[in-house]
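Below is one structure, written out as structure tokens; the observations come after it.
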Amino acid sequence: LAVLSDLIPSLLLLVPNASSFRGESLVNSATNPAHYATRLRFLLRMLICAISSAENPVLLFFDDAQWGDEEFIKEFVSDSSHLGKSDIGTGLKRHLCFVCCYRDDLEEELSDTSFVQHPYTTVTKLQLQDIPETSIHDMVSETLSVPRRLSKSLASIVYLKSAGNPLFAKSFLDSMVEEGKVYYSVEEKRWIWDTEAIRQVSIDDNVAKLLVRKLQRLPSKVQDALKLLSCFGQRVPKFAIVNQETIDGLNHAFSSGLLDMDAEFYKFTHSAVQSAAHDLIPETLRAELHFKLGCSIIELDPLPDERTLTTRNIVAIDQINKSRPLEVADSELCRKFAELNLFSGRQSMQSGGFESALNYFEHGLSFLGDSNWKENYHLTLELSDNACLASYITTKTDLVEKHVTRVLSHARDTLDMLNAYSVHIRAMCASGFEIDAIQLVLQVSKILGEDFVNLNDVSNPDMERLAKDELFVIRQLLDELGTDKLLKLGRMTDVRKCWIMKLVSYVMKDMFRTKPLLMTVLACRMIKLSIDFGTCEATCIAFVMYSVALMDSPENVGHSYHWGKFAMTLFQTLDNPDPSMHHRVKHYFLSLVGVWIEPHQSICECLHINYRNCEFSGDIETSSNVLAWYCLINTLSGSNLVTLNNIYWDVGRKMAETSQHQHLMFVASFHGHIVKLANLSSTSMFELVKGPFQSEDELLDYAIATSKSKLLCGIYFMKLYDAFWSREYAAGVDLFTAYFSVTNSTTLDFLFLWFYGGIMSFGAARQHPEEWSNYLKTGEDSVINFRKWTSHSEWNCQNKLYLLEAEHFNTLGQQGQAKMKYELAIQSSQLHRFGHEEGLSYELYGTFWSDLGQKSLARENFSKAVKCYEKWGAKLKIDYLKSLLSEAPELQN
């Protein structure tokens, strides 16, 4: 007994003093495993014999025996005959009962042979069946204390969702109460429920396993009906089933809980049921069955043209496509199937189903065979063009290359190549080969009749003069025509001109980043083409980029904004415009023009809406660009850093999925500084970047080596942002100078460069008196430039200008003027909802008072800054100010 109490601690509950009888250890006394098992059986027999009698029989219950191995069953259940052969006697069979409970719905079931009959044992198998529906009705009625007539609707659903299993029925009912779909009404003084909401709830996986077993026990005719239905998927329109015998079988399956159905659809209650039904079809017969089903629907509904495509046609071609291992000999029928795939794919593209669209186009091409380009040239070209676009949208880069190569190899003339060229150009830009893409656009445009410029023949000074001349000529022309006449220009009808405009529009944003002067030239040329030949969607892109080109001086901001808004207006006048072009026009306007005037918070909201629109239209490069700007402006506007970290990761993953690596590099770089400022433990986003970059410094080396000026400027700006908030003022000023040594392009960066650069210059001047005059000059230049450029947007810039002026006066020792400007900066930050800059104003104001020896005022402003930074989530700033307060006792309360 003492030995068994070691092995079975629960015995101590029956015999508390069992351990006092401790004798020889079971393990130590039997080193041989066979001896160990024999002795254990012997001791167990002795225990059972000792505690069992006719008056007090023993029942041993083994639950979940399916997890026990065969040896367990053999030793302790099936071989219970050994108990009868013990020295105690053979009457044990009358006083001992084993109840072994196990599930038979698992992959590894216990076989019936596990329970072997012995002379001294009797094995009785009891199979617990599902309870009938009437019992479920009784259970629900009694549980909710409502009459059966009231609980009938709920009980019927519970029965179907639980497959008649009482445990699952209870669990399902409990979950409906937790989710609020069944609740107690104080007004009606009883339990009530939402029948339709409960009907829509998916069944549990465990219930699905029960239903699969129930399916296997159904009559063969019902199984045949379910096999047929499973070919169509989990949700099947009723028109696909026309045979009455099959319909009767499905009605039987519905009553068994295997199907749901309404007026239009059959639906398997769980994907496992549909999969099990489909597995009942021999694999060798599946393709033929799918083909027959598709053809039977086509016979009832003749093949349409694209305008009359119906759901029946799509269901039919889906079945035909599933039969593809089956060869179709009729060439005319193959052509019809290819056309139907083309129509179905285009419809999927229009509704945003790009993956399914690509699947249709690929299947369509497979039906045309090896001679497709000779015998079905136009159909093959259409399928290939659409496959190119769908492959690009779904980021299947290998398929993009495959389909583009096929089109360029087999197309009969240049016009037939243009769709493939357009996809190829967009894919090159997405992969970071912007210069190559721009060169290709210029080459194709030359073939089509417009020789814009040869980059190899034009030096940078010549390009600068050319850009100024183009701007001067177009500005005069536009002033002469006026917006009314421009809005009344006809639609461009020359196919070659339309394609030139479209191809150039695809690389406009990349020219803005890499060849801004070329962007100016081509924007002006596109506007001239539109005036001469009519307008198109790309005309609106040209006007937006023209407005960006005008941002070369503060005096032109109003003029630039005017033509940017005109581009938006012009788009509304076009007949049947391409929606994706509208989203692109809107993005360029918001991120390159609108940011100079409109509140940055509202710009963020508009960008988020535009991103969703771009996603739906399949314009992945614009949606990626929108996301990059959305992250940037949210960051500069002071959104919560912890929230921003999550946004950056969501955006980064999205860019990685869509292979938009040129934008991902910027986002990953900026994310690192967000993490540092918020003192988060987030991992580096560079793990998402495709390429040999594991850090921002490696990316900086790459930008320098490859002369990627925009990338270089972006990294300088991010490092400057980091230095600014870390108060590394001298290093920040060096980055400020480095930025302007690379570019003079006017972007949103400039606005913050002058703000950050000015603040850091004044701070460095006070920290480094030996270079006071140089830093002061840099700071004063920043104030002058900032004041010029920001006169058009009081909302975005007023608080920043006040703070720059306050730091300027403080550096000059004009304390009265500085105090007034600090307080104005705080008020303006609060008014315009820039909480992070409110904290910055309090921090610098506190430093101002600390330098003057006014410790109580310094402490007050530092404390207010901490509260602002806490809302922002800037742990780095909070820790800095708290350490400042703790290290200087006179600043503490």
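With the simple model of a label 7 Å out from the Cα in the direction of the Cβ, Ala287 to Ala329 spans 1.5 nm. Global dimensions of segment 434-523 from alpha-carbon coordinates: Rg and Dmax equal 14.2, 39 Å.
Across segment 530-536, computed HN-Hα scalar couplings (Karplus, 6.51 cos²θ - 1.76 cosθ + 1.60, θ = phi - 60°) run 5, 5, 7, 10, x, 9, 8 Hz from first to last residue, x flagging Gly and Pro. Radius of gyration (Cα atoms) of segment 637-791, expressed as a multiple of 2.2 N^0.38 Å: 1.10. Ranking Val642, Val504 from most to least accessible surface, computed with a 1.4 Å probe over the protein chains only, gives Val642, Val504. Translational diffusion of segment 390-547 was estimated from the Stokes-Einstein equation, with Rh taken as the Kirkwood radius over Cα pairs; at 20 °C and 1.002 mPa s the coefficient is 130 µm²/s. Just so you know, the Rg over Rh for segment 327-379 is 1.01, from Cα atoms, with Rh as the Kirkwood radius.
Determine the per residue accessible area of segment 641-702 with all protein chains present and a 1.4 angstrom probe, expressed in square angstrom.
Averaged over the residues of segment 641-702, the accessible area is 42 Å².
At q = 0.09, 0.12, 0.21 Å⁻¹ the log10 of I(q)/I(0) for segment 131-289 amounts to -0.33, -0.55, -1.30, computed by Debye summation with a single uniform scatterer per C-alpha, solvent ignored. Once the 1.4 Å probe is applied to the protein heavy atoms, segment 789-893 comes out at 43 Å² accessible per residue. Note on segment 639-704: the alpha carbon radius of gyration divided by the globular reference 2.2 N^0.38 Å gives 1.05. If you plug the beta carbon distance of Glu401 and Ala731 into 1/(1 + (r/R0)^6) with R0 = 51 Å, you get a FRET efficiency near 0.70.
Compute the FRET efficiency between Gln439 and Phe265 as 1/(1 + (r/R0)^6), taking r as their Cβ-Cβ distance and R0 = 41 Å, and round to the nearest 0.05.
Computed FRET efficiency for Gln439 and Phe265: 0.15.
Label sites at Glu794 and Gln815, each approximated as a point 7 angstrom past Cα along Cα to Cβ, lie 3.2 nm apart. The spacing between segment 472-542 and segment 390-437, judged by their C-alpha centroids, is 24 Å. With q set to 0.12, 0.15, 0.18 Å⁻¹, the log10 of I(q)/I(0) for segment 549-672, from the Debye formula over equal scatterers at the Cα positions, is -0.47, -0.73, -0.99. You can think of it this way: the chain between Gln244 and Glu178 has 19.6 nm of extra reach, that is 0.36 nm per residue less the Cα-Cα gap. Please check which bits of segment 562-590 a label hung off Ile609 would reach, taking the label as a point 7 Å along Cα-to-C-beta and the cut-off as backbone N under 18 Å. Counting only backbone N, you get 565-573, 579-590.
Taking a ≥ b ≥ c as the square roots of the eigenvalues of the Cα gyration tensor of segment 781-893, is the shape rounded (a/c under 1.5), prolate (a/b larger than b/c) or oblate? Oblate, because a/c is 1.5 or more while a/b does not exceed b/c.
According to the square roots a ≥ b ≥ c of the eigenvalues of the Cα gyration tensor, what is the shape class of segment 501-579, taking rounded for a/c under 1.5, prolate for a/b larger than b/c otherwise, and oblate for the remainder? Oblate, since a/c reaches 1.5 and b/c is not below a/b.
Probing with 1.4 Å while keeping every protein chain in the model, the per residue accessible area of segment 233-290 equals 50 Å².
Out of segment 821-893, which trypsin sites (Lys or Arg not before Pro) are coil in DSSP terms and have no more than 16 other C-beta atoms within 10 Å? Listed in order of number, the matching sites are Arg833.
The values are calculated or read from the model by the stated rules, or taken from the named source; none is laboratory data. Owing to the predicted nature of the structure, the values given are computational and were not obtained by experimental measurement. Glycine also receives a Cβ, built like all others from the backbone with ideal geometry; neighbour counts cover every protein chain displayed. Side chains included, ligands, DNA and RNA excluded: accessible areas come from the protein's heavy atoms. Shrake-Rupley method; radii C 1.70, N 1.55, O 1.52, S 1.80 Å.
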